[in-house]
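Q: Starting off with a structure, shown below.
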Amino acid sequence: MQKKALIVGISGVIGRALAEKLLADGWQVTGLSRGRGAVPADCTSLTADLTDAAAVNEALKSEKPDALFFSVWARQENEKANIRVNGAMVKNVIDALGERLAGAKKYGYRWSVHRPHSIIGYALGNAMNMGQTLAVYATLCREKGWPFIFPGSPEQWNGVSDVTDAGLLAEQLSWAAVSDGGANEDFNAVNGDVFRWNWLWPRLAAYFGIEAAAFPASMMPLEGRMQEAQAAWTEIADKYQLAESDIGKLASWWHTDADLGRPMEAFADMSKSRKAGFTGYRSTLDSFTALFDRLKAENIIPR
């Protein structure tokens, strides 16, 4: 029988990639979200405020999925509030499904946790989207003559790093939902290669036909330099007849600054996942260029 998936946060960078993967594998997919972003084609869409237990219960009253995927996060003013609000959203969904989730006794079903690094994928209006932010930044630099300056720390520029392709994460999530090796475990989820930003940055610049600026003497975060970005993007969108003129739906300066501003190397080991049976891999440069190609194809950035 056709398996049924419920993806919470289906319009985000993870949820969208997962929906596309599950649909390709023959699943029936329903998405629950706040209704602020587009849901992938061929998915059933449900909307609710995830912090409202009654609203979530009403939205899910007829749902009986074989697998629940939770891929949403709401930024709060501090980590204590993050835990309180986001933990409550998870609880509201699980409580609403109760014994209907895979027909199991309440809270008796299998689970898995997946820990990505910075995610590279396609989703409009998503706050955690470094790849899309860098595409917009590079486009602004090309069109306005701005220098393409790396906005992060010396440790990130010179140190070893990795990222997570949203498609790779979707493959791991799909695998864990049906594989014995994926049951009741937590896994890292990264591409499987490592790189240094001082190697990758000029290659991203070359894709857009621009030169990478020299590494600055002090950090130059994007959020402090992008005050003119909305006006410039409106002009670019009009010039090329782009699909989205609101730069706030495309770029997340603060989040990319956080990703690239870490004061240490940051990369993850995939050994546990590989030993359990998942051997997915992505080339990071290919992850970026594939995203940029899709943004062009969808008329989000100029061709």
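The values are calculated or read from the model by the stated rules, or taken from the named source; none is laboratory data. For clarity, every value in this text was computed on a predicted model and none was experimentally measured. Methodologically, a virtual Cβ is constructed for each residue, glycine included, from the backbone with ideal geometry; neighbour enumeration extends over all protein chains shown. Quick note on the areas: whole protein, heavy atoms, side chains included, nothing else; ligands and nucleic acids left out. Shrake-Rupley method; radii C 1.70, N 1.55, O 1.52, S 1.80 Å.
Q: Being under 20 Å from the mean Cα position of the chain (by Cα) and within 18 Å of residue 190 (Cα to Cα): is that true of residue 268 here?
A: Criteria met by residue 268.
Q: Something else about it: If you scan the range 147-161, which residues turn out to be open to solvent by 10 Å² or more (accessible area, probe 1.4 Å) and not in a loop (DSSP other than H, G, I, E, B)?
A: Of everything in the range 147-161, those that are open to solvent by 10 Å² or more (accessible area, probe 1.4 Å) and not in a loop (DSSP other than H, G, I, E, B) turn out to be 154, 155, 157, 158, 160.
Q: I would also like to ask the following. Within the range 34-88, which residues are closer than 22 Å to residue 13 by Cβ, basic (Lys, Arg) and touching a helix residue (DSSP H, G or I) at 6+ places or on another chain (Cβ under 8 Å)?
A: Within the range 34-88, 75 is the sole residue that qualifies.
Q: Just one of (1) surrounded by fewer than 24 Cβ atoms within 10 Å (Cβ to Cβ); (2) outside any loop (DSSP other than H, G, I, E, B) trips up residue 125, so point out which.
A: It fails just one condition, (2).
Q: Pull up the range 28-83, narrow it to residues that are acidic (Asp, Glu) and free of Cβ contacts under 8 Å to residues at least 40 places away in the same chain, then point me to the one that is nearest to residue 3 (Cα to Cα).
A: Filtering the range 28-83 for residues that are acidic (Asp, Glu) and free of Cβ contacts under 8 Å to residues at least 40 places away in the same chain, the one nearest to residue 3 (Cα to Cα) comes out as 42.
Q: A follow-up question, please. Taking into account only those residues within the range 282-303 that are among the aliphatic types (A, V, I, L, M) and open to solvent by less than 30 Å² (accessible area, probe 1.4 Å), which is nearest to the chain's Cα centre (by Cα)?
A: Looking at residues that are among the aliphatic types (A, V, I, L, M) and open to solvent by less than 30 Å² (accessible area, probe 1.4 Å), I get 291.
Q: Which ones in the range 216-242 are assigned to a loop (DSSP other than H, G, I, E, B) and open to solvent by less than 70 Å² (accessible area, probe 1.4 Å)?
A: Across the range 216-242, the qualifying residues are 216, 220, 221, 222, 224, 225, 226, 242.
Q: I would also like to ask the following. Considering only the range 263-281, how many residues are part of a loop (DSSP other than H, G, I, E, B) and open to solvent by less than 40 Å² (accessible area, probe 1.4 Å)?
A: Looking only at that region, the number is 4.
Q: Kindly state which helices (runs of 4 or more DSSP H) lie completely within the range 1-112 and contain at least 3 residues that are surrounded by 15 or more Cβ atoms within 10 Å (Cβ to Cβ) and among the β-branched types (Val, Ile, Thr).
A: Output list reads 79-97.
Q: Can residue 188 be described as assigned to a strand (DSSP E or B), out of contact with any Phe, Trp or Tyr (no Cβ under 8 Å at 6 or more places or on another chain) and either open to solvent by less than 10 Å² (accessible area, probe 1.4 Å) or not aromatic (Phe, Trp, Tyr) (or both)? Give the steps one after another, and end with the answer.
A: Numbers: assigned to a strand (DSSP E or B): yes; out of contact with any Phe, Trp or Tyr (no Cβ under 8 Å at 6 or more places or on another chain): yes; either open to solvent by less than 10 Å² (accessible area, probe 1.4 Å) or not aromatic (Phe, Trp, Tyr) (or both): yes.
For residue 188, the condition - assigned to a strand (DSSP E or B), out of contact with any Phe, Trp or Tyr (no Cβ under 8 Å at 6 or more places or on another chain) and either open to solvent by less than 10 Å² (accessible area, probe 1.4 Å) or not aromatic (Phe, Trp, Tyr) (or both) - is met.
Q: Does the range 189-204 contain at least one residue that is of a type in the set (Gly, Ala, Ser), more than 30 Å from residue 3 (Cβ to Cβ) and either modelled with pLDDT under 95 or touching a helix residue (DSSP H, G or I) at 6+ places or on another chain (Cβ under 8 Å) (or both)? Step through it out loud before you land on a result.
A: First pass over the range 189-204, keeping only residues of a type in the set (Gly, Ala, Ser): 189, 192.
Pick out the ones that are also more than 30 Å from residue 3 (Cβ to Cβ) and you get none.
No, that holds for no residue.
Q: Also: All but one of (1) open to solvent by 10 Å² or more (accessible area, probe 1.4 Å); (2) aliphatic (A, V, I, L, M); (3) touching a residue at least 24 places away in the same chain (Cβ under 8 Å); (4) over 30 Å from residue 277 (Cβ atoms) hold for residue 177; state the number of the condition that does not hold.
A: Condition not satisfied by residue 177: (4).
Q: Here is a follow-up. Restricting attention to the range 164-174, report how many residues are over 14 Å from residue 279 (Cβ atoms) and open to solvent by 10 Å² or more (accessible area, probe 1.4 Å).
A: Going residue by residue through the range 164-174, those that are over 14 Å from residue 279 (Cβ atoms) are 164-167, 169-170, 173.
After this cut, where a residue has to be open to solvent by 10 Å² or more (accessible area, probe 1.4 Å) as well, the list is 165, 167, 173.
The qualifying residues number 3.
Q: Looking at 201, 254, which is the one that is buried (at least 19 other Cβ atoms within 10 Å of the Cβ) and either part of a loop (DSSP other than H, G, I, E, B) or in contact (Cβ under 8 Å) with a residue 12 or more places away in the chain (or both)?
A: Only one candidate passes the filter, namely 201.
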